1. Of the residues E119, E61, E314, which exhibits the maximal mean-square fluctuation in a Gaussian network model of the chain defined by a 10 Å Cα contact cut-off?
2. Show log10 I(q)/I(0) for the chain at q = 0.12 Å⁻¹, two decimals, from a solvent-free Debye sum over equal Cα scatterers.
3. Would you look at the GNM of the chain, springs on alpha carbons closer than 10 Å, and say which of V283, V301, V316 moves the most?
4. Give me the net charge for the shell around T210: Cβ to Cβ below 12 angstrom, other residues only, Lys and Arg +1, Asp and Glu -1.
5. Would you compute, from DSSP H runs of 4+ residues alone, the mean residue ellipticity of the chain at 222 nm, taking -39500 (n - 2.57) per run and dividing by the full residue count, rounded to the nearest 500?
6. Can you give me the span-like helices of the chain, meaning DSSP H runs with 24 Å or more of Cα extent along the axis and Kyte-Doolittle mean at or above 0.5?
7. Of all beta bridges DSSP finds with both residues in the chain, what is the antiparallel percent, to the nearest 5?
8. What full-extension length gain, to one decimal in nm, is calculated for R194 and Q246 as 0.36 nm per residue of separation minus the Cα-Cα distance?
Amino acid sequence: MTSIDPRLAQQLRSAKPFLWLNPAYNNTAPMDQLPLSLQDIEDADARLRRFAPLLSSLFPELKEDNGLIESELIAISQMQQMIFPDLTGKLMIKADHALPVAGSIKARGGIHEVLCHCEALALEHGLLNNIDDDYLKLASEQARKLFNNYEIAVSSTGNLGLSIGIISAALGFKVVVHMSVEAKEWKKQRLRNRGVRVVEHADDYSAAVTAGRAQSDADPASYFVDDENSPRLFTGYAVAALRLKQQLAQQQVPVDAEHPLFVYIPCGVGGAPGGINFGLKQVFGSHVHCFFAEPTQAPCVLLGMQADSEDQLESVYQVGLKVDTEADGLAVSMASAWVCSVIKNILSGVFTVADDDLFRYLYRLHQTENIAIEPSAAAGFTGPLQITSSAAGLKYLQQHQLQPSLANATHLVWTTGGLFVPDEEMKKFQCRGKQLCNS
């Protein structure tokens, strides 16, 4: 087992927010040495587009966008003026909290993986002749009968389960979602309402994954969606980078040496932010700087990035932390070893966030921009200040000679979930945030 640096372990145990810079980060790392490529991302995008007519027929909310699952890119100037008055450049959000169908960042990756499995079965059994065929055939009764012979399983703290469960059930698959102890009751009920079998676990996410994988592996007709080790999920998440490039161009927001892009992404086990990080570096290269945001009690990817090999990751429990956080989507004790290995040289750093700050920022976002998000989705908002004000952030800017271009920078906070939060739950979040802001 790799031994973490004692000073870092002590800093983590203090459970105080800080910015960790990745010593292995290489801003000019050759992307062709990674296990996946830009072509893999483009293939995932093409698959999502092939299925777009079918998705549009299954989910009426997708008709306006012709079946594409995408979120807005929004400038939040009022929040910037109120909360970050000294921040130069532009503050924006990538509004994955409002992604249709699944209501979170997990929509692209989770739906893409299920569509990969669906497409393979359809081609194998002759429902589709080739990938140029009419995918609306997969809405037929014949297709549903075929898919109902198969099960799709996943383990989740909530949002990935919603993504996998909703699309799988809509296609006709049997679905089982293993929910860890951190999962919210309303997310379980939303799945049950779709006919999904929810298995509740009294342990954390990592244990739920182990149990879910074992049960699925015992059934030849069951397909397990593995958030810790899935290139299909990863490339589905990475598609966001292609879409973001187009949105930035449409809004005339340049990304180049004189206009750096800083991106702050909430992080759980690492799959979704890792995929996005990978996609952004493929698309923008050295001009984008990606930082993950993790709860002070669950910085599993920060720990995972310390490991010398994939079999040497440590759990946050091993440094005295408890995964005690209101950010259910980020409540993970051990990172994906595979993801950490892929992003080893392309992740700029990780900053940790106290729970109280999650509620402060979600309240301020609603107050200034009338945008409602869940606590996990607010984790990225401390990023701009960490980069521009902390000692570690200033060191990073100096190392990469970014100070002269800060006035032209774009700071992009990825808001990751919240669309389907019940009104009463959201009111509780807002009330807590307001109390903290006024105290």
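1. Result: E61 has the largest fluctuation of those listed.
2. Log10 of I(q)/I(0), two decimals: -0.96.
3. V283
4. Details: positive: R213; negative: D203, D204, D217, D226, E228.
Result for the neighbourhood of T210: -4.
5. On the way: 17 runs with 187 residues, N = 439.
One gets -13000 deg cm²/dmol as the mean residue ellipticity at 222 nm.
6. Values: long enough: 106-124 (27 Å, 0.23); 231-250 (29 Å, 0.10).
In the chain, no H run is both long and hydrophobic enough.
7. Values: 8 of 43 bridges.
So the antiparallel bridges in the chain amount to around 20 percent.
8. Numbers: separation 52, 0.36 × 52 = 18.72 nm, distance 3.38 nm.
Full extension from R194 to Q246 adds 15.3 nm.
Bear in mind these aren't lab numbers, they're just calculated from the coordinates by the rules spelled out. Note that the structure is predicted; figures quoted are calculated from it, not measured. No Cβ is skipped: glycine too gets one built from the backbone with ideal geometry, and neighbour counts run over all protein chains shown.
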